Amino acid sequence: VEGGVGRGRIPDVAVKRLPVYLRALQDLAARRVEIVSSAELARLTGFSSEQIRKDLTYFGSFGTRGVGYHTDVLLERIRRVLGLHEDIGVALVGAGHLGTALARYNQGRHQHVHIRAIFDSDPAKIGQELGGTVVRDVRDLERVVREEGIRLGVVAVPASEAQAVAQALCQAGVEAILNFAPVRLEVPPGVQVENIDLSLALQSLAYYAAADRPPSSKGRRFEP
Ligand code: NAI
């Protein structure tokens, strides 16, 4: 199937780089740049051009030596590999501080990934409009997710509720979850979980900011 080109064969680490390429290519396309070299893509994305050339061969996209890649062709190719050539509906669970920010950010921004349903358990929030979508009762999650054919879930509920929410999403047939709650979710095999944890990221960055760290060998520290 053309839509499934290379899916499942591309290493996870490479899959994570594809949206970065996509964003760079979208910028190039918007500026009507028709041909792009791997060197230019490297400059735009921060990955090495060797890495880029290797990644792009995973799904059979070869540049022309000395010329480069056709921006539009590559753009379409990556969209297809990621499955973004068709609309992907997202279910957001938790319409609190983070959920509100995510819903507003998503509104009208991403062409093919839309928050199609928002759920909460708080009666004060159910029925309210958020980022162009009405917040629904989480008790309707399974039915709505099935009816709407939603395959991606976002967990933005308190940590204590996250596992139960993930379970409901999986039961409803969701295939991937973006988890913002600071817990490790148990999901059935085949469900992909991506964790985003701001506190963990800040804590590991603290290593670089710690006062007793020697200045890095790369000399990034400002020395007057
Ligand atoms: P919040 O308290 O503002 O919002 C949580 C929402 O979830 C509320 O609207 C609440 O009614 C709803 N909720 C609670 N139980 C539910 C259930 N069983 N089903 C459906 N909805 C339910 O909290 P906030 O700040 O939005 O944080 C949400 C989660 O995201 C927390 O786990 C927090 O630790 C995490 N977080 C993660 C960040 C990150 O960068 N990873 C940043 C901020 C928060």
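Residue-by-condition table, conditions (1) without any contact (Cβ under 8 Å) to a residue 24 or more places away in the chain; (2) within 19 Å of the chain's Cα centre (by Cα):
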residue	(1), (2)
Ile35	no, no
Thr57	yes, no
Gly60	no, no
Gly68	no, no
His85	no, yes
His112	no, yes
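Within region 120-132, how many residues turn out to be farther than 16 Å from Glu161 by Cβ and at pLDDT 95 or above? Steps first, answer last, please.
If we filter region 120-132 for residues that are farther than 16 Å from Glu161 by Cβ, which is where we start, we get 124, 127-132.
Subsequent filtering for residues that are at pLDDT 95 or above retains 124, 127-130.
The number of residues fulfilling the criteria is 5.
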> So how many residues does region 170-185 have that are open to solvent by 80 Å² or more (accessible area, probe 1.4 Å) and either touching a residue at least 12 places away in the same chain (Cβ under 8 Å) or within 11 Å of the ligand (Cβ to nearest atom) (or both)?
Replying inline: 3
> What single numbered condition from (1) assigned to a loop (DSSP other than H, G, I, E, B); (2) near the ligand (Cβ under 8 Å from one of its atoms); (3) over 20 Å from the mean Cα position of the chain (by Cα) fails to hold for Pro188?
Replying inline: (2)
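Within the group Arg151, Arg77, Arg104, Arg139, which residue is of a type in the set (D, E, K, R) and in contact with an Asp or Glu (Cβ under 7 Å, 6 or more places away or on another chain)? Please lay out each step first, then the result.
Working: Arg77 fails: in contact with an Asp or Glu (Cβ under 7 Å, 6 or more places away or on another chain); Arg104 fails: in contact with an Asp or Glu (Cβ under 7 Å, 6 or more places away or on another chain); Arg139 fails: in contact with an Asp or Glu (Cβ under 7 Å, 6 or more places away or on another chain).
The conditions single out Arg151.
When residues of region 28-60 are filtered for being touching a strand residue (DSSP E or B) at 6+ places or on another chain (Cβ under 9 Å) and open to solvent by 10 Å² or more (accessible area, probe 1.4 Å), how many remain?
Taking region 28-60 first, the residues touching a strand residue (DSSP E or B) at 6+ places or on another chain (Cβ under 9 Å) are 28, 34-41, 44, 56.
In the following step, the residues that additionally are open to solvent by 10 Å² or more (accessible area, probe 1.4 Å) were identified as 34-35, 37-40, 44.
Count: 7.
Only one of Ala42, Ala14 is at pLDDT 95 or above and under 22 Å from the mean Cα position of the chain (by Cα); which? Lay out the reasoning, then the answer.
Values: Ala14 fails: at pLDDT 95 or above.
Every option except Ala42 fails the conditions.
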>> For region 118-159, which positions are over 21 Å from Leu185 (Cα atoms) and small (Gly, Ala, Ser)?
In response: Ala124, Gly127, Gly131, Gly132, Gly149
> Has region 136-144 got at least one residue that is buried (at least 19 other Cβ atoms within 10 Å of the Cβ) and of a type in the set (Lys, Arg)?
Replying inline: yes
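With region 63-169 as the region, which strands (runs of 3 or more DSSP E) entirely inside it contain at least 2 residues that are near the ligand (Cβ under 10 Å from one of its atoms) and over 21 Å from Pro182 (Cα atoms)?
Working: elements: 88-93, 113-120, 133-137, 152-155.
Once the strands (runs of 3 or more DSSP E) in region 63-169 are filtered for at least 2 residues that are near the ligand (Cβ under 10 Å from one of its atoms) and over 21 Å from Pro182 (Cα atoms), what remains is 133-137.
The values are calculated or read from the model by the stated rules, or taken from the named source; none is laboratory data. No experiment lies behind these values; they were computed from the predicted model shown. Don't worry about glycine lacking a Cβ; one is built from the backbone with ideal geometry, like all the others, and counts go over all protein chains shown. The area values use the complete protein model at the heavy-atom level, side chains included, leaving out ligands, DNA and RNA. Shrake-Rupley method; radii C 1.70, N 1.55, O 1.52, S 1.80 Å.
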